[in-house]
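The values are calculated or read from the model by the stated rules, or taken from the named source; none is laboratory data. Note that the coordinates shown come from a computational prediction; the quantities given were computed from them, not determined experimentally. When we count neighbours, we look across all protein chains shown, and the Cβ atoms used for this are built from the backbone with ideal geometry, even at glycine.
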Amino acid sequence: MIITKKSISRRTLLRGLGATVALPLLDAMVPSLTALAQTPARPKVRFGAVYIPNGVVPAQWFPATEGAAYEMTPILEPLEPFRDRMTVLSGLDSDPPRSPDAATAVHARASTKFLTNVHPYRTLRAGTSMDQIAARVLGQDTQLPSLELALETVDAAATCDDGSCIYIGTISWAGPTSPLPMETDPAAAFERLFGDDTTDPVARRARARQKGSILDSVLGEIAALKNKVGEGDQSRLTAYLDSVRAVEQRIERAMQQNVEIPDVQRPSGIPATFEEHAKLMFDLQVLAYQADVTRVGTFMMGREFSGRTYPEIGVTDAHHPISHHRDEPDRMDRFAKINRYHTKMFAYLMARLASTPDGDGSLLDQMVLLFGGGMSDGNRHAIRNLPLVLAGGGAGRLRGGGHIRYPEGTPLANLHVTLLDTLGAPVESFGDSTGSVEFDYLTGI
């Protein structure tokens, strides 16, 4: 059997005016064998964390029984189509602070500890988050080590506890004193992934005259590339570029909904509704994974203390105030509607990943996805029994299909130790870990 040299580099980029377009994995990027067979692309594991703020209604989140036969709960029901690709986790805790220097802010602690397992301090200090530890390994061969996206900003009018606005604005920390900003503007996120490498206004106007499209500026290279690859690659490339084009057009429509402010280089392109915004940002994240621009992503569905209302699902109460439902059934149901709506958006991400080819499977097959929050019962600011779902195939390293209840007192950090090992970035300990979770529960290894 003769192995021939790759015809196209995995790092091939299409270059245009102020733009670089990465490509998805094509057959022509892996060593080919004879005309009878071909080596499947080695899957690349990716990691994503999706955060929900202000806690949940535990009785409507957690299944009553363990194992594979658990009954899907009202909040998690949108994930039913992916039942065999996910595991519901319960019993994992975020311990209260022990240091007198730790901030007492419950909401700041929820978002900060979610991936760092370190309490925020009264002076800016926390810990390195697990996504950034993974990015040091998974990001060595990608354009961006990681991508941080969110749907809400923390502005001057934001409510914070204990003066901790920085803490509620991110879940990603590059180091103990280095919180990473979360991007909320789809246009800015798109440019970070694919263009502009210049802030020169002349270049920006030139690109605008090309209908504002990155793809329009690389049409010649696209045509040349299609002549070099087979029919399967041509179809895969067309589908990917159509997705890029569709995202561009949605961003353009969103930008037209906003009044352009004088002297602002990049107009805001945030869609008018929560669902449009969430889906557009998730689509950008999928494109980033598909083109291997990054293999690590974090996403905040909202920030702690969020005052967003959700009239589209019949909830006109602000998110944080309704989380303090005082155990009143009607208020609890309205809060649970928000929880379910967030789960529906996560289901959209899973569907997009499942329908996007990658190697000999889908992107969902290669993902390790952590969905949940740093607070359980929002009404009581509870930090025991956090609401968590683990999803994806982890490039053959994860299996799903059940509900696992861990022993009382198991730190969330133990799960992070296991996940970092699964991602190829092993650590002996992490934050307040006391070990790792049972590996056989989560993986087929």
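Some values worked out for this structure:
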| item | result |
| --- | --- |
| Residue within the stretch 348-371 that is of a type outside the set (D, E, K, R), within 27 Å of Pro97 (Cβ to Cβ) and assigned by TED's automatic domain parsing to the domain that holds Ala49 present | yes |
| Every residue from the stretch 298-319 that is part of a helix (DSSP H, G or I) and in contact with a helix residue (DSSP H, G or I) (Cβ under 8 Å, 6 or more places away or on another chain) | Glu312, Ile313, His319 |
| Test: Leu193 is buried (at least 20 other Cβ atoms within 10 Å of the Cβ), modelled with pLDDT of 70 or more, not assigned by TED's automatic domain parsing to the domain that holds Pro145 and not polar (S, T, N, Q) | yes |
| Neighbours by Cβ (under 7 Å, 6+ apart or cross-chain): first from the stretch 64-80, part of a helix (DSSP H, G or I); second of a type in the set (S, T, N, Q) | Pro78/Thr343; Leu79/Thr343 |
| Of residues in the stretch 297-325 being touching a Pro at 6+ places or on another chain (Cβ under 9 Å) and of a type outside the set (Gly, Ala, Ser), the one surrounded by the most Cβ atoms within 10 Å (Cβ to Cβ) | Glu304 |
| Residue match in the stretch 106-128 (condition: in a loop (DSSP other than H, G, I, E, B) and either outside the structural domain of Gly402 (by TED's automatic domain parsing) or of a type in the set (D, E, K, R) (or both)) | yes |
| Contacts under 8 angstrom Cβ, first residue in the stretch 428-445 being within 19 Å of Thr128 (Cβ to Cβ), partner of a type in the set (Asp, Glu) and modelled with pLDDT under 90, 6 or more apart | Asp432/Asp95 |
| Per-region count, the stretch 290-324, residues touching a Leu at 6+ places or on another chain (Cβ under 7 Å) and aliphatic (A, V, I, L, M) | 5 |
| Contacts under 7 angstrom Cβ, first residue in the stretch 110-128 being farther than 16 Å from Ala413 by Cβ, partner aliphatic (A, V, I, L, M) and at pLDDT below 95, 6 or more apart | Tyr121/Ala102; Tyr121/Ala103; Arg122/Ala103; Leu124/Ile166 |
| Residues satisfying the stated conditions in the stretch 374-428, i.e. at positive phi and crowded, with 20+ Cβ neighbours inside 10 Å | Asn385, Gly392, Gly394, Ala395 |
| Pair list, Cβ under 6 Å, 6 or more apart: the stretch 303-327 residue modelled with pLDDT under 95, other residue part of a loop (DSSP other than H, G, I, E, B) and hydroxyl-bearing (Ser, Thr, Tyr) | Phe305/Thr159 |
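The rows are residues; the columns are (1) at pLDDT 95 or above; (2) touching a Leu at 6+ places or on another chain (Cβ under 7 Å); (3) not hydroxyl-bearing (Ser, Thr, Tyr).
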position	(1), (2), (3)
Thr116	yes, no, no
His119	no, no, yes
Asp131	yes, yes, yes
Val154	no, no, yes
Ser178	no, no, no
Ala189	no, yes, yes
Lys211	no, no, yes
